Structures are given as C-alpha cells and as structure tokens.
C-alpha cells in the first residue's frame, strides 16, 4: 500500500509540475542534443567530490554510491567525450582513473577489497577499454597504455575462471571472505565475455575469441542465457548450478548484447553472432514500454514500478543504453529498433530533468512527463547516456590495431527485434543483496499497472487531452475539450481522484494479501536471510494456475547476531570502576596500558608506539585472524558469511552522549517527578524563557562538545589515534549538534562531518516533547552535510513519537538490538570498518550496552566511552533449533542483573594463542541470565506503553522550581550558563 500511494503521489507531483522547466531536447537537432547532454553531464560532475577536501579521488561519495558505480560514471563520461567532443572532463577523468588503478594497473585496489567483485572491477576496466578504442589521451608515465591495463585485468579473469564446480564460470566474488563467493552471476561472466570480444576486435588476437566462445557456451549451457536469449541473474555453485535465479536486470542483457554485437562485427557477420545479437536485442523488450502510452521507453522492470530499486539498480539502465547505442553502430540491422528506443527514452529522460539551478537534475521514471522526486548518480548517469547516444550515427566506430581488418557488416534485413510482453519472475534460488531486491508479487504488479496507467492517463487528460508520450493515441472519453481550463478543472477533482484511486489500490492489495514493512522503526528482525530474493516474485502457482508445492530455497542460510563485550581493555568494563567518578578524558578514554600477543608482529614489539596505536593494531590482527579462521572452516560455515564480513568480527564503538540540553536544565530545575508528570509534555515553560521541544544544546552543552573536540585533537596528536571510520547519530537535534561540534575541524582537509542520521538511535520516545524530532527538511537545513537519505525508517515527519504513551525500556532495548542487527546487515555501509562513532542519548546508550552485554555504565552529558565488542553471526541451520538459537544470540537483552565471566581477558589480561577470545567459554564475555522475560510483542505493543503519570495532589507545579532552588527559571538558566550553578 505504501508503495502504491507513493506512486500515486509521484504521479500527482508530475502533473502539478507540468509547467516546471525541464531540459529542452529536440531529438532531431544535433545542437540541442549537445546542449542537453552537456547540462546532464554537469549534473553528474556536481555529485562528484573526489577533487574536494574530504573526498576520495576517483570516487563519488560513499554512502550512498559504491565503488563500482564510480567506475560506471567515469565510463559514462568517457562515452560522453567520444560522442560529443566535449573535453571539459578529460583531466578529471584521467586523475580519477589513476587514483583507482591499483598497484598492478588492473583496477584491483587493495583499499577496496571488501567492495570488489569481478563485476565491480569490470566497470572500471570498461572505461580503459573504451579509452583504447576511442584514442582517449594516454596516462602519463609510468602508467601503461589503455589496452595494457585492460589486458592486465583480463589476465586476472583468466586466472579466476573456476572449473572445479559447474564446469566453469567466474564467481561473483574472488575474495573468499566476501559473501557471494559461491555465486556465479551473469554480469561478471558477461563482462569477461564482452571484454574478450572487444580485445579480440581491437587486437586481432584469436585467443580472445576462443575465450569469448567458451564463456558464451558455458553461460548458455548453465542456463544464464536461455534458448530465447533471456539473461538471468545468476546461479549458486554450492548446488552445482542446478538452479537459476530468474531475476532479470537491464545491465545483464546489455553486457552480453554488446559482446555479441562486437563478435558479429569482428567475424564479418557470421550467422551465429548475428542471430545471438538479434535475439538478445529482442530480449531487451522486457525493459521497454512500461505502459501502452509510454511506447519504447526504457525502465528497470524488476524494481522500478514497485518503487523498490536500490542505489545500484537505479544506475543499471545507463549501461544497457550505452551498450545498445554501441550495438547499433557495429550491427547496423539493429539501428532502427534501437533508434526508436533511444529517441523515446531520451525525450522522457529530458522531461524528468527539472531539478537544480539549471534544471539538470534528473529523475528515474521517464514515462510520467516530469520529475519523480528521486535523484542520484544512477538517475543522472542514465539520462546522460541516453542523450549523448542520440549522436551515435555521427561518431566513428571503435578503433582497432592497424593490421586488424573489419569488413562491413551485412544489413540482414530479415532479422528484426520484436516486442514481447511480460515481466521477469523471481525464482527461489538465493541471491546476494548487492544487486538485487525482492519484487512485488507478480499478481500485484499485473493489477497495479493498469490502475496506474489509467491514473496517469486521466491526469494527462485533465491537463490537456494527451497521453504522456504518445500523442498519436486517441484521447480517452475523460478528456476535456477546452485545454485552457484544464488546470482549473483538475484542481477541482484532484482530491476526489486521488482518494478514489488510493482506495481502489488498497482494495486490490488487500485482495492480494500484499504486506509492506512499516516505516515506523518498530519492526524487530531477529532472524536474517542470506539472500536478497524470496520476498515476492512468485504467487505460489505454476504457469497453469494450479497450486504448487512450496519449496525452501536450497541455498538459503538464516542466522542471528551475538554481541559480546570483551573485558580487560577499558577501565569502564571493570566492575570496580564507578561511573559517577569516571573521567574519560583524564584516563585516555579508559584504555588500559597492557601487552597484546599481536605486539610480536610490530617492530621492536611496538615499544615506540603509543598505547592506542598498539590497541588499534590489535583490533586489526583479531579481524585478520577471524577471517583466516573462517577460511579454514568447511563450506557450510563459509556459506553463511555475508559479503564484506566473516562469521566473526571485532569492532570498537565510541558511544557518545549528547551535551547538556535545555530539557536537562528544565528537568533538573523542576525535579524528576514534576518533569515526568507535567513539564515534559510541554514544548517549553509558559513564560517563554526556555524551549525544550526537540531540545537543542544549551551553552553549557556546546561548551562540553567543544571540550571533547579539544580532547580528540590531543588524542590524535599525542596518542596518534585514528578517527572513527563511520559516524552515526540520533535524529534529535542535541545529538546531531554534539557530533557536529565534536568533530568540527579535525577531519582530513577540515572536511565537514557527514554523519549518517539513524532513526533507531533516538532516545526512548513518547510524551516528552524533547524526544519529538524535527522534520527531515528541518534537519537538512540545520545540518546540511549530514546524510538523512540512507535510513529507510527516517520519514519526513516524526511518525514514531507518541503524545500519550512512553516507550518502555524493553521496547527501547529491542529497538537498539534491531539497530545493531540492521547495521551488521548493511555490509556496503560498514564494510571492513573497525571504528564507529555513535552519538545518542542516556537511555538509548543504556539499551545499547544491554544489547552488547556490557555492564550498565551511566554517562554524563557530553561523555564518551569506547566499547570493544565481538560480533558473531550464528547460523540457524535447523528449523527446530531456530527459536532456541535466536534466544541464545539475544540472551540478556532484557535483563537488569548481570553476572560476570571469569578472568580471561579481564582480570589477568591473558589471551588465547591467536588473540581470539574463545567463542564457547565465558571468559572475556559479559553475559546475563534473563531474569525478567518479556516477549517482543509485549515490548512493542503500544497499548502496553506507559501513560503519563499523575502528579501528586499536593504538588504545587507553578512554584516547585523556585522552592527547590530559591530562584526563578530565568535566573537558574543564567546560573547554569555562566557556570555558577552545576549541571551535575
């Protein structure tokens, strides 16, 4: 329902924005095309920060853009240069490619090991291949030629060809520690195929042809390319590739299409490659014409209509466009059909570009005659590629070595591509999360599409009697005759139309049983699946409509996370340390000066290093040993590992409480009882002296944050500490301001902090207005550098806060466990990072400590403590053990009393041989017995949340603060801010 209403809203927005200027594009005018492409290219570069302080050369910012997509973007700019002759970005492109070239000049970058699969590397290699074919300026010495760079990477692929299972094929991942290591996918093998084809054509070396034939034959035999040239996503070697994941994505068919076109060109029109090229082109119709009045427009069929495309998937049709245009050049028989698609799609893309100062920010849906409100690198790149591709007939074909002879390809007029109907369906084979998402059930899509099509057509009728992109179609009966009054009429019936259609959609979805996740942030997922499919895509019936026997995906692995605080590293872990007396700044963050077994691997046993340098080296050693330990496990254990992580990992969390806020001052002034029963529900005092709704930092709180900032500076200089690698913050203002001040001016290049705002990190919520957050648009204004787009639970308005009931500790703890589980699942975000900063609140941090099995340790305002944890991913192998294993992984989450483990890493600072704490013993762990069992459903049942308590009958609320302190609120606030009244 949520997705349907969003689609309705987008359609409405596109209607209301019909008069907003978009990029002007005349598909028959070369100058117009050049100008439109230039504007769109500028939009791509506007998103790049690799040449700015704090950015990484060669990379668009992560989050949200992963390493591979930066390669895709440079490829788009390379093609733009070739098609338009605009050399504005030549130097920038060279600099970016050099920065990510890698020590072996093959785009295999050690720093990106956790983000590099065979497909990821290929999108960078494609840039070099095009550079060679287009005679792009060579890199300066000592860098090799473009074709040598491609050859280096191609040799990598040859060594990775794996015949031990499935009779061949490239794995998705070549690093064993990355999830997906056992997945053989189309885009990796298709990339190897296309590069082989292009190298064969460029060099004339027949070895490349032999490899291209081998890859094609293998992909066809396995079923990745079927007998009618559908290209499916991948297969799993753990089941000997006996099942296929039938998701279809634009770039999968595109990568094979261009490879086949290159080979038919190089082989002078040999019959097999002409037929394969035509068949693959025909297969692209899966992604063309989403609606009848959106003829020949490209869309990402697997996710676009259901509003479920992730960041990766929003860029995929860019590559299909790139390779379709190139195909039309090398396979002239395809030019007519491809030209139709490129022209229609370019017009739709231009109409979607209405954002930004130059109206060059583009959307993802090219069939609504306007912007869909969704922007990003993938959308911008797709629009750029389809615009410059209109110039394909005015460009030269890819070059070759001088001694390579290419004969003109035959026109083959009898081989044509025809439109086909139907959307791809998902299979039950498990697939990794990197480039896939579960789709809405096929029945849901089939029923929603006519509704949406009718809705868009109706809006078009109201606005003037024309369908979005098919002016030749006869107007439906609803169309008005008088266009001048169309907008007036539309405003009169807009509300009725919206409500009616939304109700229809609700009824349709209700009938289909489609359920969508709530965005309230309250869902708690305890058991996880190691695949990205399976949630939809199959309605439980076979092709004949008969009920079919449900099957459990053979490659599916379920698991839960177990969190352990490791003792013996920090004073705050020791029960003898009193929280009220602890000063983290006077004690080096509480780090204990001790020896580690890992010191032996340091020069002179690390004697010339600081305590923190040795400790950070120790963390890295533990993670390396954990990965090595995983590599020694059996297949079943390795299969349970997710991409970017082994089954165990070690993390250092810097948990920071926000500085003193105005709500803290008010609660201390009025007293806890009066605060809870009355004042906490107000936005501020009645005299307007102080406001505490979404409380800001007081002057004292800002001073505390600046003091922590100075402490970090000293630690960096004196202890040579490393900064956190990832910053996360609560969406409440006081936490974000604390993080902003704390790290101001100490990041590399004095870059602004780009903390990720996470809804689940907020304080226990309800009743207290200080815990009611501001709208996301307000957060953007206050903290423009913060990332408010990554967290799916962070809605524009605060949908979580309850004015009548207060979230209990049990629900708060379950929320923080869900936060940790979700964070561990976001492998593209956390990657190989070892140090995380979390800025939150006293209640939320207390709950997080319970989740991490750390003893309770209260933090004063502005305080920070590091917590060193081990995260184990526990497979849930058998159904009858699921509940018990999940409980064991979650053990102690809801307890208040703790028992402590043995000495182990605690009292005597002794460690196992490999510095790996024993998974099966209690040594070094903080564990608990669940003394007060409360079910998850009780914890999250809002009817069982706590109502506001009643004030005692004899409490005199107007005078209670004065009676406590002898001064009014104004004088009390002044005393706190000038330091004469303590906030402790």
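Values for this structure:
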item	result
Residue in the stretch 276-298 that is in the same structural domain as residue 256 (by TED's automatic domain parsing), in contact with a strand residue (DSSP E or B) (Cβ under 8 Å, 6 or more places away or on another chain), surrounded by 24 or more Cβ atoms within 10 Å (Cβ to Cβ) and not in a helix (DSSP H, G or I) present	yes
Spans of helices (runs of 4 or more DSSP H) in the stretch 695-812 with at least 2 residues outside the structural domain of residue 943 (by TED's automatic domain parsing), over 19 Å from residue 61 (Cβ atoms) and touching a strand residue (DSSP E or B) at 6+ places or on another chain (Cβ under 8 Å)	none
Test: residue 675 is touching a helix residue (DSSP H, G or I) at 6+ places or on another chain (Cβ under 7 Å), at pLDDT 95 or above and within 21 Å of residue 833 (Cβ to Cβ)	no
Residue check for residue 570: at pLDDT 95 or above, within 29 Å of residue 759 (Cβ to Cβ) and in contact with a helix residue (DSSP H, G or I) (Cβ under 6 Å, 6 or more places away or on another chain)	yes
First in the stretch 815-826 and in the same structural domain as residue 843 (by TED's automatic domain parsing) and in contact (Cβ under 8 Å) with a residue 24 or more places away in the chain, second anywhere and assigned to a helix (DSSP H, G or I) and surrounded by 19 or more Cβ atoms within 10 Å (Cβ to Cβ), Cβ under 6 Å, 6 or more apart	815/760; 816/847; 816/848; 816/851; 817/851; 819/760; 820/851
Test: residue in the stretch 668-689 that is under 13 Å from residue 862 (Cα atoms), in contact (Cβ under 8 Å) with a residue 40 or more places away in the chain and either surrounded by fewer than 18 Cβ atoms within 10 Å (Cβ to Cβ) or within 34 Å of the chain's Cα centre (by Cα) (or both)	no
Any helices (runs of 4 or more DSSP H) falling wholly within the stretch 86-191 and containing at least 1 residues that are in contact (Cβ under 8 Å) with a residue 60 or more places away in the chain and crowded, with 24+ Cβ neighbours inside 10 Å	118-134
Residue list for the stretch 757-790, restricted to those being surrounded by 19 or more Cβ atoms within 10 Å (Cβ to Cβ) and farther than 30 Å from residue 946 by Cβ	783, 786, 787
Odd one out for residue 255 among (1) in contact (Cβ under 8 Å) with a residue 12 or more places away in the chain; (2) in a helix (DSSP H, G or I); (3) out of contact with any helix residue (DSSP H, G or I) (no Cβ under 6 Å at 6 or more places or on another chain)	(3)
Single residue of 555, 580 found to be over 19 Å from residue 868 (Cβ atoms), at pLDDT below 95 and part of a helix (DSSP H, G or I)	580
Some residue of the stretch 366-374 being part of a helix (DSSP H, G or I) and closer than 17 Å to residue 347 by Cβ	no
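Matching residues to (1) at pLDDT below 95; (2) closer than 23 Å to residue 832 by Cβ:
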site	(1), (2)
730	no, no
737	no, no
747	yes, yes
768	no, no
792	yes, no
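The values are calculated or read from the model by the stated rules, or taken from the named source; none is laboratory data. As the structure is a computational prediction, the values presented were derived from the model and not from experiment. Positions of Cβ are generated from backbone atoms using ideal geometry, with glycine treated the same way; all protein chains shown enter the neighbour counts.
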